[in-house]
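Asks: Would you mind keeping the following structure in view while I ask a few things?
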Amino acid sequence: MITIHCRKPGQLNWVVLLVSLFHSFVLSQMAYGHVGSSGVIVQKQAGKYQLLISIKPPDVVPGTASVTVFVEQGRAGIIGARPIYFRSGDKGAPTHDILTPTGTNRYEGDLWLMSSGSSSIEFDIDGPDGKQRVVVPVMAVATALRDMPEGTGFGLAAMGLLLVVMLVTIIGASNADGVVAPGQAPPAKLGRKRVVGMGIGLIAITLILAGWRSWWNSTAEDYRNVQLYRPTPIKASVRIADGQRQLTIRFDTSGYGADRQKRRTLSYILPDHGKLMHAFLVRMPGLDAFAHLHPNRLDTLNYESALPALPGGKYMLFADVVYRSGFAETLTDTVEVPLLKISAEAAAAAKPTDPDDSWLVAEPMGVKANAVNVPHLDNDMVVCGKPGASAKLADGSSMIWMDKSAQILEAGKLYTLKFAVADAQGKATPIEPYLGMGGHAAILRSDGTVYIHLHPVGTYSMAAEGSLVSRIADTARTFHYPNAVHFRDSIDNWLAKLKTLPEVEKNRMLAASMPVMSHPMKTNNMVEFPYAFPRAGHYRIWVQVKRNGQVLTGVFDTQVNDPLL
Amino acid sequence: MESAFPSSFQSDREQSGSWRLGIPTYIYAVVFASFCVVMGLLWDIMWHMSIGRDGLLAPPHVVIYVGAVVSGLFSAYQILSLTFTKNHPGRATAIPFWGIFYGSLGAMFSVWGALAMLTSAPFDDWWHNTYGLDVQILTPPHTILAVGIMTLQFGAIVGVLALQNQYRNRLTSQTTEDVLRLGRLKWLFALAAGLLLIILYTLLSESMGMRESHQSGYYATAAIILPFYLLAVGRASMLRWPITTITGIYILGMLLPSWILQNFPATPRLGPVLNPITQYQPFMFPLLLVIPGLALDWLMHRFDAPLNGKRKLNDWLLAGIYAVAFMLVLLAVQWPFGDFLLTSPYAQNGVFLSYSWTYDSPPDWEYRYAFAPWNLQSAADFWTGFGKALLYATLSARVGLFWGNWMKRIAR
């Protein structure tokens with residue numbers, strides 16, 4: 001049995017508050033900026049306040065984002081929130097809406113997001129502990145495809161039928177009784193005139209309704225083809241060069257000429273915690289082989305990375321990028337990785353493209369995709385009286401999933417996933433910053449339909465946050481992009497310089513590039529990630545930390561069920 | 001043979017000399033409802049230009065609902081009381097339908113309009129949840145609402161006409177009260193017709209604003225709708241200058257809410273706020289329709305009801321004459337007036353309203369006070385388009401005359 005330092009569970013009070021709150025998360029099915037993980041969850045220290053913010057963006061735009069703020073620490077009085085769009089900035093934002101207090105330290109509100117694209121929600125917290133401001137990036141894109149509910153459909157059809165019958169009656173009457181003078185005997189032809197009126201009326205109504213219906217259809221088609229969010233398509237391929245497998249990721253820009261809505265400003269991709277692209281490769285179907293790579297930019301469209309010693313097979317690829325506007329998206333493809341037979345020495349000598357690349361081959365999940373309620377191999381221990389799980393790390397140390405509230409988790413419920421590292425003797429051991437922060441986690445549903453790359457600060461991109469904070473500081477009402485070539489070059493130069501720096505200096509520079517990253521590592525052997533699993537299923541979690549200069553990846557599987565309510 | 005007035009629509013006879021002049025309260029109610037709907041709609045448009053965010057119970061919406069409820073309830077009451085009161089004297093002049101119901105034509109139109117407005121609400125709600133909040137006036141659910149509103153307003157017109165038309169062919173001398181009552185009915189009709197014209201124009205305003213006034217599409221849109229409507233109500237009205245009066249009411253009805261509301265404070269509540277306004281933004285200066293309206297009235301005096309005993313001209317020929325005259329006068333008025341509204345600094349004030357600019361439009365836009373290239377056409381394109389518009393106008397006028405003839409005959 002492993003012994004480990006336990007944290008008091010006192011800070012879990014908010015979990016209780018949340019049990020009933022996040023059911024709405026459950027229904028989000030469509031792909032979003034991060035595949036399948038709708039919504040933004042942020043955990044952040046702002047002055048004396050420790051905040052946990054959950055934003056559920058609208059799935060159609062314009063629409064309302066529902067916002068919940070938990071003040072975990074600090075005495076807050078009033079919390080105001082307002083949407084700020086990248087395009088129009090601070091000066092173009094409407095006034096704050098005051099969030100409604102709905103419980104102990106809980107505030108809620110709905111905010112209108114009117115423009116598609118990159119935006120943010122700015123929170124103004126005021127109270128005895130001072131004034132603070134927090135900016136959370138939000139992607140406002142249409143992701144929902146809805147059918148009319150049966151009840152509404154039948155109701156409307158019944159009303160429509162009634163209206164048509166009434167209208168035909170009225171038209172018939174208009175041509176017959178309506179023009180018979182009071183007191184005058186109805187003419188003999190009255191009945192025929194009525195029928196003629198009704199016939200002509202019915203034909204006219206049918207034609208009008210047909211035209212109206214085709215208008216509706218064309219609007220729906222325009223919504224599906226133009227308004228609906230689709231990530232930029234990419235084409236991934238692996239070729240063998242110099243005895244190494246090279247992964248190439250190419251942006252597919254075909255159709256950019258025709259569809260302005262789906263164009264991306266590819267010259268203005270920003271590094272997110274020091275890397276232009278975070279690419280995750282996961283082997284199908286067992287999710288056993290995993291790599292977190294940082295491809296080099298060859299030119300605007302092409303990114304390349306040497307593959308580490310992964311087994312051959314079919315892989316899912318998830319690539320995260322952030323644009324200057326703060327728009328962050330996950331691009332997906334599948335790629336066939338050929339088996340490469342090389343000597344052990346050659347494999348050892350092969351250098352990764354990026355010193356921060358990491359990979360791991362573990363046991364397969366051992367269950368079929370979408371399998372539910374089957375036992376898991378990792379429910380092997382209890383930590384501080386709660387179910388936990390442990391994973392062996394490459395250097396002999398262990399990673400422990402702490403405070404897991406139950407063996408089976410609940411979809412839509414907000415969790416803080418906590419992972420601690422213990423050395424080979426089972427003693428807590430400090431971890432070092434990896435890419436400027438305490439750790440990274442990647443979570444994947446067994447079928448690949450839910451993916452998230454998250455950090456201790458939450459489920460959003462810090463580069464997007466930085467981009468929006470700098471935009472808000474700029475008082476111009478309209479944003480003007482700098483020269484594309486100069487911008488790209490300056491980013492490439494900065495990244496090249498970063499790669500040459502020693503680790504300590506690199507982390508300092510990364511911290512400086514993320515001005516709003518104020519999430520101190522509270523316990524130096526532990527890393528925490530706030531997350532709500534969007535829907536039931538079978539999930540694998542890769543947690544990455546750094547110890548003694550080496551990136552270590554722990555693997556955990558968990559079952560997530562629909563809430564009982 | 002005419003039956004004695006007051007109309008048997010009334011359930012109780014009005015006191016002679018009362019302010020209602022023997023006209024049923026129901027008639028006043030539906031005209032008032034039409035007025036509410038128009039004012040609510042214009043306020044709603046200005047609300048969206050200035051404040052942006054609204055809810056189900058936003059004040060302009062409430063004004064529209066009041067109109068729908070008043071019209072729907074008074075009309076439904078009229079139908080139900082005729083249906084369920086045995087030996088109701090009104091049944092003699094009502095229309096039986098579906099074997100159960102009795103009602104006046106106007107009440108049937110008004111009830112239909114209120115039901116259509118009611119139907120559009122859940123449909124519109126579903127639409128917003130499915131495709132996002134619409135930022136344009138015309139969407140499929142909004143057309144149902146608009147058709148409902150217009151039918152409700154048309155019910156008011158038909159209700160007044162049934163009473164007014166009883167005087168049309170009366171040769172016997174009339175009492176002073178008859179004269180007063182007819183006078184009021186004529187004006188109630190003009191008011192109801194002017195209010196409907198405001199809604200019609202508002203629906204077309206996205207393609208008939210000052211920016212489009214140098215494009216043939218503007219005149220084609222006008223050609224399809226306006227000759228039809230103006231000639232129909234012109235023929236049906238018993239006023240001496242009906243189209244002039246009705247278009248005058250349209251202009252005033254459009255302008256008064258804008259002139260008044262622009263003096264009230266308003267803060268944008270939705271972003272992006274590219275234009276940080278503090279007052280309500282007025283809607284727009286309407287078409288100067290009273291001038292082509294005057295021309296139509298003058299022509300109708302000459303050709304439609306010639307006093308010198310000449311035979312009335314064929315309606316096809318009349319349609320051609322009215323349509324061409326209307327379109328040429330409209331062009332002669334709106335082309336330079338559109339120019340004035342858009343480009344003249346004298347139009348950028350609280351009277352001509354060209355300073356109006358929604359909160360989400362950039363105030364430094366280069367074409368704010370100029371015709372943008374896409375709003376201009378070559379002379380050849382324009383005149384080809386205008387030629388087509390003359391054809392549309394002729395057809396529209398012909399249908400309008402036909403429709404007007406029917407409206408003259410409405411009796412129940």
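The values are calculated or read from the model by the stated rules, or taken from the named source; none is laboratory data. On a predicted model such as this, the values are computed, not experimentally measured, just so you know. Here the Cβ is made from the backbone with ideal geometry for all residues, glycine too, and neighbour counts use every protein chain on show. Ligands, DNA and RNA are stripped out before the accessible areas are found, and what is left, the full protein with its side chains, is counted by its heavy atoms. Shrake-Rupley method; radii C 1.70, N 1.55, O 1.52, S 1.80 Å.
Asks: Name every residue in the range A:129-173 that is open to solvent by 10 Å² or more (accessible area, probe 1.4 Å) and assigned to a strand (DSSP E or B), in order of residue number.
Replies: Matches in the range A:129-173: A:Gln132, A:Arg133, A:Val135, A:Met139.
Asks: Same structure again: Closer than 29 Å to B:Asn349 by Cα, buried (at least 19 other Cβ atoms within 10 Å of the Cβ) and within 24 Å of the chain's Cα centre (by Cα) - does that describe any residue in the range B:317-325?
Replies: Checked the range B:317-325: no residue is closer than 29 Å to B:Asn349 by Cα, buried (at least 19 other Cβ atoms within 10 Å of the Cβ) and within 24 Å of the chain's Cα centre (by Cα).
Asks: State all residues of the range A:192-234 that are surrounded by 13 or more Cβ atoms within 10 Å (Cβ to Cβ) and either touching a Cys at 6+ places or on another chain (Cβ under 8 Å) or polar (S, T, N, Q) (or both); if no residue qualifies, say none.
Replies: The answer is A:Thr219, A:Gln227, A:Thr232.
Asks: Which one is nearest to B:Gln377 (Cα to Cα), of the residues in the range B:201-218 that are in a helix (DSSP H, G or I) and at pLDDT 95 or above?
Replies: B:Ser216
Asks: Among what's in the range A:51-67 and is away from chain B (no Cβ under 14 Å) and open to solvent by less than 10 Å² (accessible area, probe 1.4 Å), pick the residue that is farthest from the chain's Cα centre (by Cα).
Replies: A:Leu51
Asks: If you don't mind, another one. Where residues in the range B:230-272 are open to solvent by less than 10 Å² (accessible area, probe 1.4 Å) and β-branched (Val, Ile, Thr), which of them is farthest from the other protein chains (Cβ to nearest Cβ)?
Replies: Among residues in the range B:230-272 that are open to solvent by less than 10 Å² (accessible area, probe 1.4 Å) and β-branched (Val, Ile, Thr), the one farthest from the other protein chains (Cβ to nearest Cβ) is B:Thr247.
Asks: Across the range B:80-101, what is the total count of residues that are surrounded by fewer than 19 Cβ atoms within 10 Å (Cβ to Cβ) and either outside the structural domain of B:Leu163 (by TED's automatic domain parsing) or aliphatic (A, V, I, L, M) (or both)?
Replies: Residues meeting the conditions: 3.
Asks: Provide a single number: the residues in the range B:175-226 that are of a type in the set (S, T, N, Q) and touching a residue at least 40 places away in the same chain (Cβ under 8 Å).
Replies: 5
Asks: Checking A:Lys193 against (1) more than 30 Å from A:Phe86 (Cβ to Cβ); (2) within 11 Å of another protein chain (Cβ to nearest Cβ), only one condition comes out false. Which one?
Replies: Of everything listed in (1) more than 30 Å from A:Phe86 (Cβ to Cβ); (2) within 11 Å of another protein chain (Cβ to nearest Cβ), A:Lys193 misses just condition (2).
Asks: If you don't mind, another one. Would it be correct to say that A:Ser66 is among the polar types (S, T, N, Q) and closer than 22 Å to A:Thr475 by Cβ?
Replies: Here the answer is no, as A:Ser66 does not meet what is asked.
Asks: Considering A:Ser461, A:Ser470, which residue is under 24 Å from A:Glu505 (Cα atoms) and open to solvent by 20 Å² or more (accessible area, probe 1.4 Å)?
Replies: The match here is A:Ser470.
Asks: A further question on this structure: I'm trying to understand the selection: among the residues of the range B:50-62, which are away from chain A (no Cβ under 14 Å) and open to solvent by less than 40 Å² (accessible area, probe 1.4 Å)?
Replies: Listed by number, the residues that qualify are B:Pro60, B:His61.
Asks: Follow-up question, since we're still on this one. Please find, among A:Ala424, A:Ala406, A:Ala428, the residue that is without any contact (Cβ under 8 Å) to a residue 24 or more places away in the chain and either open to solvent by 20 Å² or more (accessible area, probe 1.4 Å) or among the aromatic types (Phe, Trp, Tyr) (or both).
Replies: A:Ala406
Asks: Return the only residue of B:Leu182, B:Leu196 being in a helix (DSSP H, G or I) and modelled with pLDDT of 95 or more.
Replies: B:Leu196
Asks: Against the conditions (1) more than 14 Å from chain A (Cβ to nearest Cβ); (2) without any contact (Cβ under 8 Å) to a residue 60 or more places away in the chain; (3) surrounded by 17 or more Cβ atoms within 10 Å (Cβ to Cβ), where does B:Tyr77 fall short? Just the number, please.
Replies: Just one mismatch for B:Tyr77, condition (3).
Asks: Looking only at residues in the range A:80-104 that are touching a helix residue (DSSP H, G or I) at 6+ places or on another chain (Cβ under 8 Å) and more than 14 Å from chain B (Cβ to nearest Cβ), which one is farthest from A:Ala140 (Cα to Cα)?
Replies: A:Thr104
Asks: From the list B:Arg398, B:Arg412, pick out the single residue that is charged (D, E, K, R), within 14 Å of chain A (Cβ to nearest Cβ), surrounded by 13 or more Cβ atoms within 10 Å (Cβ to Cβ) and over 25 Å from B:Ser258 (Cβ atoms).
Replies: Selected residue: B:Arg412, the only one of B:Arg398, B:Arg412 that is charged (D, E, K, R), within 14 Å of chain A (Cβ to nearest Cβ), surrounded by 13 or more Cβ atoms within 10 Å (Cβ to Cβ) and over 25 Å from B:Ser258 (Cβ atoms).
Asks: What tally of residues in the range B:146-173 results from selecting those that are open to solvent by 10 Å² or more (accessible area, probe 1.4 Å) and in contact with a Lys or Arg (Cβ under 9 Å, 6 or more places away or on another chain)?
Replies: Looking only at that region, the number is 2.
The rows are residues; the columns are (1) closer than 29 Å to A:Gly191 by Cβ; (2) within 10 Å of chain A (Cβ to nearest Cβ); (3) touching a helix residue (DSSP H, G or I) at 6+ places or on another chain (Cβ under 6 Å); (4) open to solvent by 20 Å² or more (accessible area, probe 1.4 Å).
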site: B:Gly103; (1), (2), (3), (4): yes, yes, yes, no
site: B:Leu118; (1), (2), (3), (4): no, yes, no, yes
site: B:Trp127; (1), (2), (3), (4): no, yes, yes, no
site: B:Ile137; (1), (2), (3), (4): no, no, no, yes
